[in-house]
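Below you'll find the structure, written out as structure tokens, and then a few comments.
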Amino acid sequence: MTPSTGWALVGMQFGLLAGLVVLPYGGLWPRGGVALVFAVTFVGVGIFVAVVAGLRLGRTLTPLPIPKDDGALATGGIYRFVRHPIYSGVLLAALGALVWGASLPHVVGFVALWGVLLTKVMSEEKMLGEKYPGYSAYAQATGRFFPRLGR
């Protein structure tokens, strides 16, 4: 992956997130108190997870899905449970926007965001596997976006 492709994916990611926030509300389900509680919870937990994961990466953190040359593979802390917790946090926050938005465009935006993140991850994981000899074993034992149950 080239840096320009990486930046294009980052741009799409932030554009879709912005869209989920500014799209007009719909009526696919009631937007009452229950929806508000779920939406706020998903957004709050998502932001928390992304911040904790970003702090854990420290100087290795980069917006691009291209590992830094001087970076280190993070497998401790929250990375013990999930390989891409920043993306997990983004997805949870986006799910909160979807729940509150309650419209078909919100559903489409969420699915598109998931697709963009999956595209980023597929390239990133290939590069991580080439850079770090233990990545394949780590990937098999650890969930991509969410913890694997029963392990």
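The values are calculated or read from the model by the stated rules, or taken from the named source; none is laboratory data. Model, not experiment: these values are computed from the prediction. Positions of Cβ are generated from backbone atoms using ideal geometry, with glycine treated the same way; all protein chains shown enter the neighbour counts.
Consider only pairs whose beta carbons are under 6 Å apart and that are at least six residues apart or on different chains; among these, list those whose first residue lies in the range 24-38 and is closer than 8 Å to residue 103 by Cα and whose second residue is modelled with pLDDT under 95.
Once the first residue is closer than 8 Å to residue 103 by Cα and sits in the range 24-38, no partner that is modelled with pLDDT under 95 comes close enough.
Take residue 24 and tell me if it is farther than 23 Å from residue 139 by Cα, loosely packed, with under 15 Cβ neighbours inside 10 Å and modelled with pLDDT under 95.
Against the criterion (farther than 23 Å from residue 139 by Cα, loosely packed, with under 15 Cβ neighbours inside 10 Å and modelled with pLDDT under 95), residue 24 does not qualify.
If a residue must be surrounded by 13 or more Cβ atoms within 10 Å (Cβ to Cβ), outside any loop (DSSP other than H, G, I, E, B), over 17 Å from the mean Cα position of the chain (by Cα) and not aromatic (Phe, Trp, Tyr), how many such residues does the range 27-39 contain?
2
Kindly indicate which of 73, 128, 95 is under 24 Å from residue 40 (Cβ atoms) and touching a residue at least 24 places away in the same chain (Cβ under 8 Å).
The conditions single out 95.
In this structure, is residue 19 exposed (fewer than 13 other Cβ atoms within 10 Å of the Cβ), more than 19 Å from residue 85 (Cβ to Cβ), of a type outside the set (A, V, I, L, M) and out of contact with any Lys or Arg (no Cβ under 7 Å at 6 or more places or on another chain)? Write out each step before concluding.
Numbers: exposed (fewer than 13 other Cβ atoms within 10 Å of the Cβ): no; more than 19 Å from residue 85 (Cβ to Cβ): yes; of a type outside the set (A, V, I, L, M): yes; out of contact with any Lys or Arg (no Cβ under 7 Å at 6 or more places or on another chain): yes.
When the stated conditions are applied, residue 19 does not pass them.
Test residue 48 against the stated conditions and say whether it is crowded, with 17+ Cβ neighbours inside 10 Å and either in contact with a Leu (Cβ under 7 Å, 6 or more places away or on another chain) or within 18 Å of residue 145 (Cβ to Cβ) (or both).
When the stated conditions are applied, residue 48 does not pass them.
List the helices (runs of 4 or more DSSP H) that sit entirely inside the range 67-151 and contain at least 1 residues that are loosely packed, with under 15 Cβ neighbours inside 10 Å.
Details: elements: 85-101, 104-131, 135-141.
Fully inside the range 67-151 and qualifying: 104-131, 135-141.
Being more than 21 Å from residue 142 (Cβ to Cβ), modelled with pLDDT under 95, touching a helix residue (DSSP H, G or I) at 6+ places or on another chain (Cβ under 6 Å) and not β-branched (Val, Ile, Thr) is true for just one of 64, 113, 98. Which residue is that?
64
Which is at pLDDT below 95 and either on the phi > 0 side of the Ramachandran plot or surrounded by 14 or more Cβ atoms within 10 Å (Cβ to Cβ) (or both), of 12, 1?
Going through 12, 1 in turn, the sole match is 1.
Failed condition for residue 58, given (1) over 15 Å from residue 125 (Cα atoms); (2) surrounded by 14 or more Cβ atoms within 10 Å (Cβ to Cβ); (3) at pLDDT below 95, with all others met?
For residue 58, the exception is condition (2).
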